[in-house]
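For reference, the structure discussed in these notes is given below.
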Amino acid sequence: HPDVTVSLNLSDRVVDLAAEGFDCAVRVGDLPDSSLVSVRMADNRRLCVATPEFLKRYGTPKAPNDLMRFKCLTLSSDASQTRGWAFRVPVTSKGHEGQTHEVIHLRPSGPMDCSDGQVLHDWCLAGHGIAWRSTWEVETEINSGQLVPVLEEFAAPPNGIYAVFSQRKHLPLRLRLWIDFLKDHYGHANYWGAAA
């Protein structure tokens with residue numbers, strides 16, 4: 001639309017929409033309870049990745065708890081991943097036929113962390129450690145062999161990618177149109193590639 005202007009702020013921190021004057025935000029991951037309205041646009045799957053060279057030098061973790069012995073690249077606490085990296089692990093319990101699973105959260109560490117996902121992605125590509133990334137972020141590098149997924153069998157169920165906005169009695173037309181655009185554009189599974 002010719003009369004629409006966009007001011008795009010790219011940040012891994014969670015902004016206070018009302019206090020900072022934003023109409024809308026896109027958030028990846030579990031949403032805390034709040035007064036914000038959310039519209040789920042797509043599933044977000046995550047997995048651990050590292051370069052082939054890193055794995056050759058340091059070995060490959062076989063189970064999520066093995067990550068505690070590896071150099072891992074994490075987003076700092078003021079960014080996302082506040083609960084840690086999620087994994088789906090088998091639970092053995094007496095009296096149950098078949099195997100059940102539960103989602104656990106681990107907080108691996110390493111010599112490098114940052115508050116910017118793109119920097120963390122670059123560090124991973126440079127072979128500095130194992131990173132837990134969304135599949136849509138690393139799909140191209142996995143397909144080209146630059147990155148190798150590890151612990152795939154323990155990948156947690158997807159969380160969501162959401163458009164969030166403040167609840168208002170009368171939503172401005174510009175915001176309704178923007179939300180419709182986001183849902184239409186990003187709601188298609190083929191947009192997210194491997195994340196679908």
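The table for this structure:
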| item | result |
| --- | --- |
| Inter-residue pairs, beta-carbon under 9 Å, first of a type in the set (Val, Ile, Thr) and in segment 173-196, second modelled with pLDDT of 80 or more, 6+ apart | Ile179/Cys24; Ile179/Val39; Ile179/Ala163; Ile179/Phe165; Ile179/Leu171 |
| Residue list for segment 57-74, filter: part of a loop (DSSP other than H, G, I, E, B) and among the polar types (S, T, N, Q) | Thr60 |
| Selection within segment 143-173 - assigned to a helix (DSSP H, G or I) and open to solvent by less than 50 Å² (accessible area, probe 1.4 Å) | Phe154 |
| Some residue of segment 6-15 being under 13 Å from the mean Cα position of the chain (by Cα), of a type outside the set (A, V, I, L, M, F, W, C) and over 24 Å from Cys72 (Cα atoms) | no |
| Single condition Arg107 does not satisfy, out of (1) farther than 30 Å from Val4 by Cβ; (2) basic (Lys, Arg); (3) at pLDDT below 90; (4) touching a strand residue (DSSP E or B) at 6+ places or on another chain (Cβ under 8 Å) | (3) |
| Segment 16-35 - residue that is small (Gly, Ala, Ser) and not in a helix (DSSP H, G or I) and, of those, farthest from the chain's Cα centre (by Cα) | Gly21 |
| So Arg45, is it within 21 Å of Gly145 (Cβ to Cβ), open to solvent by 70 Å² or more (accessible area, probe 1.4 Å) and out of contact with any Phe, Trp or Tyr (no Cβ under 9 Å at 6 or more places or on another chain) | no |
| Segment 97-115, subset open to solvent by 70 Å² or more (accessible area, probe 1.4 Å) and not in a strand (DSSP E or B), residue farthest from Cys48 (Cα to Cα) | Glu97 |
| Sole exception among (1) under 21 Å from Trp132 (Cα atoms); (2) at pLDDT 85 or above for Asp23, by number | (1) |
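The values are calculated or read from the model by the stated rules, or taken from the named source; none is laboratory data. Remember, predicted model here, so these are calculated numbers, not experimental data. We place every Cβ from the backbone using ideal geometry, glycine too, and count neighbours over all the protein chains shown. The protein model used for the area step is the full one, side chains on, heavy atoms only, and it has no ligands, DNA or RNA in it. Shrake-Rupley method; radii C 1.70, N 1.55, O 1.52, S 1.80 Å.
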